[in-house]
1. Only one of these is among the small types (Gly, Ala, Ser) and surrounded by fewer than 19 Cβ atoms within 10 Å (Cβ to Cβ): Gly331, Gly277, Gly316. Name it.
2. Looking at region 171-192, I want the residues that are under 11 Å from Thr369 (Cα atoms) and modelled with pLDDT of 70 or more and have a partner that is of a type in the set (A, V, I, L, M, F, W, C) and outside any helix (DSSP H, G or I) with Cβ atoms under 7 Å, at least 6 apart or on another chain. Which pairs are those?
3. Does region 59-73 hold any residues that are under 16 Å from the mean Cα position of the chain (by Cα) and surrounded by fewer than 24 Cβ atoms within 10 Å (Cβ to Cβ), and which are they?
4. Scan (1) closer than 30 Å to Leu376 by Cβ; (2) polar (S, T, N, Q); (3) surrounded by fewer than 19 Cβ atoms within 10 Å (Cβ to Cβ) for the single condition Ser135 breaks and write down its number.
5. Taking Ser123, is it among the hydroxyl-bearing types (Ser, Thr, Tyr), within 23 Å of Tyr251 (Cβ to Cβ) and at pLDDT 80 or above?
6. Residues in region 35-49: is at least one part of a helix (DSSP H, G or I), polar (S, T, N, Q) and within 16 Å of the chain's Cα centre (by Cα)?
7. Hey, Glu104 hits all of (1) out of contact with any Leu (no Cβ under 7 Å at 6 or more places or on another chain); (2) closer than 30 Å to Trp413 by Cβ but one; which does it fall short on?
8. Among (1) at pLDDT below 85; (2) out of contact with any strand residue (DSSP E or B) (no Cβ under 6 Å at 6 or more places or on another chain), there is one condition Leu281 misses while meeting the rest; what is its number?
Amino acid sequence: MANQLFATKPLDLLLRESVDTGHGLKRALSATDLTMLGVGAIIGAGIFVLTGQAAAQHAGPAVVLSFVAAAIACVFAGLCYAEMASMIPIAGSAYTYSYATMGELLAWIIGWDLILEYSLGASTVAVGWSGTLVSMLNDMGIHIPPQFTSGPWTEVTLADGTKTFGAVNIPAILIVAVITTVLVLGIRESANVNTTIVFVKIGVVIAFIVAGVRFINPANWSPFVPPNTGRFESFGWTGVLTGAGVVFFAYIGFDAVSTAAQEAKNPREDMPKGILGSLLLCTVLYILVAGVLTGIVPYQKLNVPAPITEGINATGIYWMRYVINVGALAGLSSVMLVMMLGQPRIFWSMAGDGLLPPVFTKVHPRFRTPYITTILTGIAVAIAAGLFPISVLGHLVSIGTLFAFILVCAGVWVLRHMRPDVSRPFRAPFISVVAPAGIITCFLLMYGLPVETWERLTIWMALGLAIYFFYSRRHSRIGNAHKNA
């Protein structure tokens, strides 16, 4: 049994599976498509919400440096992801990489863990999308009954002032249904929709930067690093560090590019471009937005649900509030699309290895998408988004992502020593520094998350291990091959 738990999937087998036979996933994505997938996953709620909160509560104007620090942590992981994705161009992301390097049990754990990042992350974003839409409609004089925009565990206030509980979040369910349909229709169609959305929201972000530059008051940047208030996480350089942990959430999603490796036209060259290109583009935009926002509005006033709107109000260009809302809706839509594109491909890969039921491996005969897992993911995301106030899932999604980053960094390091002969179209530079730095920085960010998050992660992992030992271990293709050898 112990041998099976740590059995790795041979690299030669993985590379054979990556060949397009005409019956698997369709290779249709270019480097630009992959970069847009990464940008689509990264630029969402983070740039519209977390920037203001991190500035007001933790770093002040030095939130710009928090974004730089978080980006550095992501770059370490991104370089390792790029090497793995070019070497093993297979759908499955960190799950596949872990299976090739650290064995079946760890691969299962990370595959189960990725559900937190993708499925529950998409549910959380769907609830945020619904709230943004309702707010924009209210500004336009269109009011949806609040019991139909919140789940049954959320208290709402009716038009006559009475309080009750919601019934179901209908806008959240509808947007999930639309995105699920797009994803079933095809990867090329999904990528086109995502690219269109990405250009819209990048345009909105750039419009805010250009409009806001004229209204910057340099006095708002002084002091750039406000003095510490006596608490570790509040201002001073320790506040900048805490701010980095907070805004790290804004970078979650670039790893979703690697889940589409088996649908890339030239994965060995294009995957690194997509991963690192999306990280670079988003980092530049984040830094510019943070700098402009804290220059327009004193950082003390940015602890609001919509800090970008606060910035627009400070400029007096009120019509731009609608533009920002459209950008936020577009941003959240593309995040959901990429998250819900990634999760079914994790399931598809795990089922192909026998760790999940074989029905999950079905590919649509016409669209060549994993339609069964896409539909099941859509149903699960819609139920969660429609019924639950998923306020705690942000931390769960983050801890799951950081854990995935750690395993990928460790996997690259292990493979450099165990299989130095394997072709690496992209090699992460200074791997003896980059991989350990990625592991350490990601663990530090995990360590800073609340104790309750670790407790919930433990419960989730216990459930996953139960499924593994009762089903997956017995049906594993690699495990059965070891038994019969």
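1. None of the others qualify; the one that does is Gly316.
2. What qualifies is Val184/Phe367; Leu185/Phe367; Gly186/Phe367.
3. Residues satisfying the conditions are Ala71, Ala73.
4. (1)
5. Yes: the conditions hold for Ser123.
6. yes
7. (1)
8. With respect to (1) at pLDDT below 85; (2) out of contact with any strand residue (DSSP E or B) (no Cβ under 6 Å at 6 or more places or on another chain), Leu281 is out only on (1).
The values are calculated or read from the model by the stated rules, or taken from the named source; none is laboratory data. The structure displayed is predicted, hence computed values, not measured ones. Backbone-built Cβ (ideal geometry, glycine too); neighbour counts: all protein chains shown.
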